[in-house]
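A short worksheet on the structure shown next.
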C-alpha cells in the first residue's frame, strides 16, 4: 500500500439505496499500517470509480463515512484489481450517519465473534443505538412480541414495498370487479365456478373435496400437517367405542389397530370457548383416523366438541350430508387455528420476535446474525402491513367466523402452550414427539417426507459456518452477544424479553450444537414452515373444502340432511370473494425470486461462508430434483426448495 507499486489500478464499487445522502468517503489500511488517501465514492447504486491507488499489502480494514446531511444506507463496497486478491468485499449493510465522527471500520468480509473484534467500541455503540431504536410491542397481551413503530431497521426496502403493494392491490381490485356482478347466497355448488375468473384460478381444493380420502390427506399435506399424532389409546375425552368404528376397521379390532400403529388422532380441544365475533361458536374438535390396507389415512370418527353426555361422535356411516357437514365444521376449526397460529403466530410473528432480539443483541458482523439476516428480510414491515386485516371492521371481521377477537384469542392460547423451539420448532423431534416418524406405519405423509431432507440440509449448512467460529465450547460460553440474544429470547415479555419457549441449551448456550439447533430451527421456520401457507388459496378459496367461515350453528344431531343444508351453511359470494382475494395474497411470494439458498441479498462473504452456501445450494438442488420425480395425486409442490421463499416476507 502507500508508495508501493502495482501492475493494476484498483477500482472501487459501492452499492447503496437510492435515497439522498453522501458524499461517501473511504480510506483503506493494510496490515502494515499504511493508509490510502480519502477516496470519494459515488452515492448511486452500482457506481464505479477508477482510482490510482497502488495496493500490494493485504487490506486490514476499510474506514467509511458520509459527509451528507442525512443517513444513507450502504450495502457493500468492493475493491477490485488488487495485486494480492482479485476482489475485496466490505459488507457495510447498514445506514451511515452523516459526519466524520460516525465513521465505521469494516474489515474484509466483516464476520467475527465479539471477543475477537478489533473495534469493540464501535460494536458496542451500534448495538446500544439499535436497542434504543428497536423497542417492543405486542398485538395484545400474551401474543408474540413485535417491533414497535417504524424504525429504519423495520422499514420497507423500496423494491419489496412495490412488489408487495402490486400483488395486494391486484388481488383487491379483481375482487371488487368480480363483486359487481357476483353477489348473494350460493344456490348450487356450480355457482362457485363463476367466481374463478381473472387472476383467480380454480383452486386445487375443488377437486374431489367430498371424499374421505381427501379429508385424510389434508391432515398430512394440508395447512396444519403438524397436528396429526399417533393414537396409542383412545382418550377419555373422545367418546368412541369399538362398536362405532367396527365398520371402518373391517376385520381389525380397535385393540389391534392401536398395537399396529394404524390409528392417528388430531386434537383441537384447545379451541373450546374461543371468543368469536358476533357471539359465533367455533368447534373444538377431535378426529380419529385409520390407515387402511391401501395405506390411505381415512377418518373414522369426528367429535366436534369436548366430551360430555350430550356430545355426539359423527361417523362415516351417518347420513352422507350429515357426515359431510361434520367434516366441514372440523375443517373450519382447523383453518382458524392455522390462520392465527400456523400462518402468523408460529412463523411470521414468532420469527419477528427472534429477529428483534437478534438485531438488538448481535452485531452486524456476528456469524449468527449473518446466517439469519437473509431470512429476516422485510419481515417486520410485511407483518405490520398484513396485520391491518385485523383492524376493527376490516377483513378478519368481515370474512371469517372468528373475527379479530377470535384470532387474538386463538393466538394467545397457541403462543402460551403450543410452540416450543426445541420441539415444535425442531422437525425431527416434533415428528418423534407425535409418533409419526415411521414411514412404513404412516405412508404418504408428504410434509414429513419433503421437509425432513431440507431440515438436515439447513442443519449441515449452519454447522459448517458456525464450527469455523466456535471451535471449542469456551468460544460459545465466552460470546456475550450470543448469551444476551438467548437471554432476551427466553425472558418473558413482562420482564423485557420476548418469551420464546424451548430455546436449546439448559439456561445458556454451552456448545456449538446448541447454537446450531437454534439457528437451524429459525431458518427452517422462516422458510419451510412459512411455505406450508403457500397453499392457502388452493385449500381455502373453495369454502366447502376448507372454510374460514360457515353460517349458522354447528351440527349437533344426526338427522338426515340434504345438499340444501350444506349450501345454507356456506358463506355468501361476497364473503367468498374476500376470502379468495386475501388467501391468494397470503399464498403469494415476493417477486424478487428469492428462494431458499438463492440469496438475493447475501450476508456471508468469507471463504467458509461461500463454500457453505455453494454446498447448501447443491444439496437443495438434489432434493428438488428428487421431489420432481414423485408421482403424487394431488401434486404437492409447496415444499420444493425451488419454490420455498427465503423469508416470511409475504
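With respect to residue 229, determine if the residue is surrounded by 14 or more Cβ atoms within 10 Å (Cβ to Cβ), touching a residue at least 60 places away in the same chain (Cβ under 8 Å), within 24 Å of the chain's Cα centre (by Cα) and farther than 28 Å from residue 447 by Cβ.
When the stated conditions are applied, residue 229 does not pass them.
Please tell me if residue 538 is under 20 Å from the mean Cα position of the chain (by Cα) and at pLDDT below 95.
The answer is no for residue 538.
Looking at residue 461, is it under 27 Å from residue 263 (Cα atoms) and crowded, with 18+ Cβ neighbours inside 10 Å?
no
Say we look at the stretch 277-292 and pick out the residues that are out of contact with any strand residue (DSSP E or B) (no Cβ under 7 Å at 6 or more places or on another chain) and surrounded by 21 or more Cβ atoms within 10 Å (Cβ to Cβ); which of these is farthest from residue 214 (Cα to Cα)?
Step by step, filter the stretch 277-292, then rank; the result is 282.
Among the numbered criteria (1) on the phi > 0 side of the Ramachandran plot; (2) modelled with pLDDT of 95 or more; (3) within 14 Å of the chain's Cα centre (by Cα), which one does residue 378 miss?
(2)
Name the one entry in 254, 249, 223 that is in contact with a strand residue (DSSP E or B) (Cβ under 7 Å, 6 or more places away or on another chain) and farther than 18 Å from residue 326 by Cβ.
Result of the check over 254, 249, 223: 249.
Take residues that are over 30 Å from the mean Cα position of the chain (by Cα) and tell me which of the strands (runs of 3 or more DSSP E) falling wholly in the stretch 84-145 contain 1 or more.
87-96, 104-106
Whether any residue in the stretch 591-610 is without any contact (Cβ under 8 Å) to a residue 40 or more places away in the chain, touching a helix residue (DSSP H, G or I) at 6+ places or on another chain (Cβ under 8 Å), farther than 24 Å from residue 459 by Cα and part of a loop (DSSP other than H, G, I, E, B) is what I want to check.
No, that holds for no residue.
On the given criteria, is residue 532 assigned to a helix (DSSP H, G or I), within 30 Å of residue 637 (Cα to Cα) and at pLDDT 95 or above?
Answer is yes for this residue.
One line per residue, one yes/no per condition, for (1) over 18 Å from the mean Cα position of the chain (by Cα); (2) over 30 Å from residue 214 (Cβ atoms); (3) modelled with pLDDT under 95:
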position	(1), (2), (3)
411	no, no, no
434	yes, no, no
452	no, no, no
468	yes, yes, no
507	yes, yes, yes
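Being at pLDDT 90 or above and assigned to a loop (DSSP other than H, G, I, E, B) is the filter; apply it to the stretch 146-182 and report the residue that is farthest from residue 583 (Cα to Cα).
148
Could you grab me the full set of residues in the stretch 471-513 that are more than 23 Å from residue 418 (Cα to Cα), in contact (Cβ under 8 Å) with a residue 60 or more places away in the chain and surrounded by 14 or more Cβ atoms within 10 Å (Cβ to Cβ)?
475, 478, 479, 481, 482, 484
Among the residues of the stretch 445-470, how many are over 23 Å from residue 606 (Cα atoms) and in contact (Cβ under 8 Å) with a residue 12 or more places away in the chain?
Summing the residues that are over 23 Å from residue 606 (Cα atoms) and in contact (Cβ under 8 Å) with a residue 12 or more places away in the chain in the stretch 445-470 gives 10.
Just one of the numbered conditions (1) in contact with a strand residue (DSSP E or B) (Cβ under 8 Å, 6 or more places away or on another chain); (2) over 30 Å from residue 113 (Cβ atoms) is not true of residue 356; which one?
Checking residue 356 against (1) in contact with a strand residue (DSSP E or B) (Cβ under 8 Å, 6 or more places away or on another chain); (2) over 30 Å from residue 113 (Cβ atoms), the one that fails is (2).
Just to be sure before I move on: is residue 295 part of a loop (DSSP other than H, G, I, E, B), surrounded by fewer than 23 Cβ atoms within 10 Å (Cβ to Cβ), at positive phi and under 29 Å from the mean Cα position of the chain (by Cα) in the structure I sent?
No.
Kindly evaluate residue 548 against the criterion of being surrounded by 15 or more Cβ atoms within 10 Å (Cβ to Cβ), part of a loop (DSSP other than H, G, I, E, B), modelled with pLDDT of 95 or more and under 17 Å from the mean Cα position of the chain (by Cα).
Judged against the criteria, residue 548 is not a match.
Yes or no, residue by residue, for (1) part of a helix (DSSP H, G or I); (2) surrounded by 22 or more Cβ atoms within 10 Å (Cβ to Cβ); (3) touching a strand residue (DSSP E or B) at 6+ places or on another chain (Cβ under 9 Å):
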| residue | (1), (2), (3) |
| --- | --- |
| 425 | no, yes, no |
| 433 | yes, no, yes |
| 439 | no, no, no |
| 442 | no, yes, yes |
| 447 | yes, yes, no |
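Does the stretch 517-525 contain at least one residue that is at pLDDT below 95 and in a helix (DSSP H, G or I)?
Looking for residues that are at pLDDT below 95 and in a helix (DSSP H, G or I), one finds none in the stretch 517-525, hence no.
(1) touching a residue at least 60 places away in the same chain (Cβ under 8 Å); (2) within 29 Å of residue 498 (Cβ to Cβ); (3) surrounded by 12 or more Cβ atoms within 10 Å (Cβ to Cβ): which one isn't true of residue 124, the others all being true?
Residue 124 satisfies all of (1) touching a residue at least 60 places away in the same chain (Cβ under 8 Å); (2) within 29 Å of residue 498 (Cβ to Cβ); (3) surrounded by 12 or more Cβ atoms within 10 Å (Cβ to Cβ) except (1).
Given the conditions (1) outside any helix (DSSP H, G or I); (2) in contact with a strand residue (DSSP E or B) (Cβ under 7 Å, 6 or more places away or on another chain); (3) at pLDDT 95 or above, and given that residue 317 satisfies all but one, which numbered condition is not satisfied?
Condition (2) is where residue 317 drops out.
Taking the stretch 611-650, which residues are in a loop (DSSP other than H, G, I, E, B) and out of contact with any helix residue (DSSP H, G or I) (no Cβ under 9 Å at 6 or more places or on another chain)?
Passing the criteria: 629, 631, 633.
The values are calculated or read from the model by the stated rules, or taken from the named source; none is laboratory data. Owing to the predicted nature of the structure, the values given are computational and were not obtained by experimental measurement. Neighbour counts run over all protein chains shown; Cβ positions are idealised from the backbone, glycine included.
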